[in-house]
Amino acid sequence: MRADVEYSPVGEGLGMSEFWLYVWMRRVAVIAAHVIAVGLTVLISILSRPGTSLFSWHPVCMSIAYILCLTEGILLFCPEGTPFCFKARKGKVRLHWFIQALVILAAATGVGFMVASKNVSERPHLATWHSLLGVGTLAATVLQAACGICLLFPKLLKLSPPRLKLYHATCGLVVYLLATVTVVSAMFSDWFQATVKGVVWYAFLLLPLFPALVIMNQITNAYLPRKKITT
């Protein structure tokens, strides 16, 4: 006897008018998440003035990794509003692998610049909540990548591919939420508060939360258990 989990389709139980309104709202939200990811990355890169110091490359690399690439790597599988909607599933998976590799590469580079900057200035490492959250996020990212590799060898783990995909998606959501908290904590740093002030600071504080809500909705809609069927 085996229990399999069936997952609820998006918009189930809605009338036609409500369904299309729901789809339209999701499409607008996903497009807004794309715009925020790109726009916030560009703005942080401009504010950082890359090249002026070793530290200036840290926010650039980290925003590229976790605000842009991680967001796009997950939204890649969203059927509404993704620029890669014309790609086949196999192509999307390959592109997802490439983007996630960029996440790890950019994040590792950003950490390298931060370590070098603190060594030069002789400042202590891991002295703030942001730095501790950053290390935790980077470690979770590497573990999530390892989980993704497990999808290539499901028989070795004696788990069904659908269940592995569920675990991978759930862990991915945890990593993204952790990354969002880390990004938000960076806006409380002395550097950011000295660079951005007033109402604009509150706008920066809230912007990363919207893509997180969109991604949370995407993953829960795709993997939310509806009922169990026993065969």
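The values are calculated or read from the model by the stated rules, or taken from the named source; none is laboratory data. None of these values were measured; they are calculated from a predicted model. With ideal geometry, Cβ positions are generated from the backbone for all residues, glycine too; neighbour counts draw on all protein chains shown. Protein only, heavy atoms only, side chains kept; ligands, DNA and RNA dropped before computing areas. Shrake-Rupley method; radii C 1.70, N 1.55, O 1.52, S 1.80 Å.
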Mind checking segment 128-205 for chymotrypsin sites (Phe, Trp or Tyr not before Pro) that DSSP puts in a loop (not H, G, I, E or B) and that have at most 13 other Cβ atoms within 10 Å? Phe188
How large is the accessible surface of Ile74 in square angstrom, using a 1.4 angstrom probe and rounding to the nearest 10? 20 Å²
Compute, for segment 78-223, the length of the dipole vector about the Cα centre, with Cβ point charges of +1 (Lys, Arg) and -1 (Asp, Glu) only. Units Debye, rounded to 20. 720 debye
Per residue of segment 211-219, in order, report the coupling 6.51 cos²θ - 1.76 cosθ + 1.60 (Karplus, θ = phi - 60°) as ³J(HN,Hα) in whole Hz, putting x for Gly and Pro. x, 4, 5, 5, 5, 4, 5, 4, 6
Using the Karplus equation 6.51 cos²θ - 1.76 cosθ + 1.60 (θ = phi - 60°), what ³J(HN,Hα) coupling, rounded to whole Hz, does each residue of segment 198-205 give in order, writing x for Gly and Pro? x, 5, 4, 4, 5, 5, 4, 5
Listed residues Pro59, Thr137, Gly148: farthest to the positive end of the dipole of segment 52-149 (Cβ charges): Gly148
How big is the accessible area of Thr182 in square angstrom, nearest 10, if you roll a 1.4 angstrom probe over the protein chains? 20 Å²
For Ser45, what accessible surface area do you get with a 1.4 Å probe? Give it in Å², rounded to 10. 30 Å²
Phi angles of segment 128-145, converted by Karplus (6.51 cos²θ - 1.76 cosθ + 1.60, θ = phi - 60°) into ³J(HN,Hα) in whole Hz with x for Gly and Pro, give 10, 5, 4, 5, 5, 5, x, 5, x, 5, 5, 5, 5, 5, 5, 5, 5, 5
Determine the order of Glu18, Glu122, Glu72 by accessible area, beginning with the largest, at a probe radius of 1.4 Å. Glu122, Glu18, Glu72
With +1 on each Lys and Arg Cβ and -1 on each Asp and Glu Cβ, and nothing else charged, work out how big the dipole of segment 21-158 is about its Cα centre, in Debye to the nearest 20. 540 debye
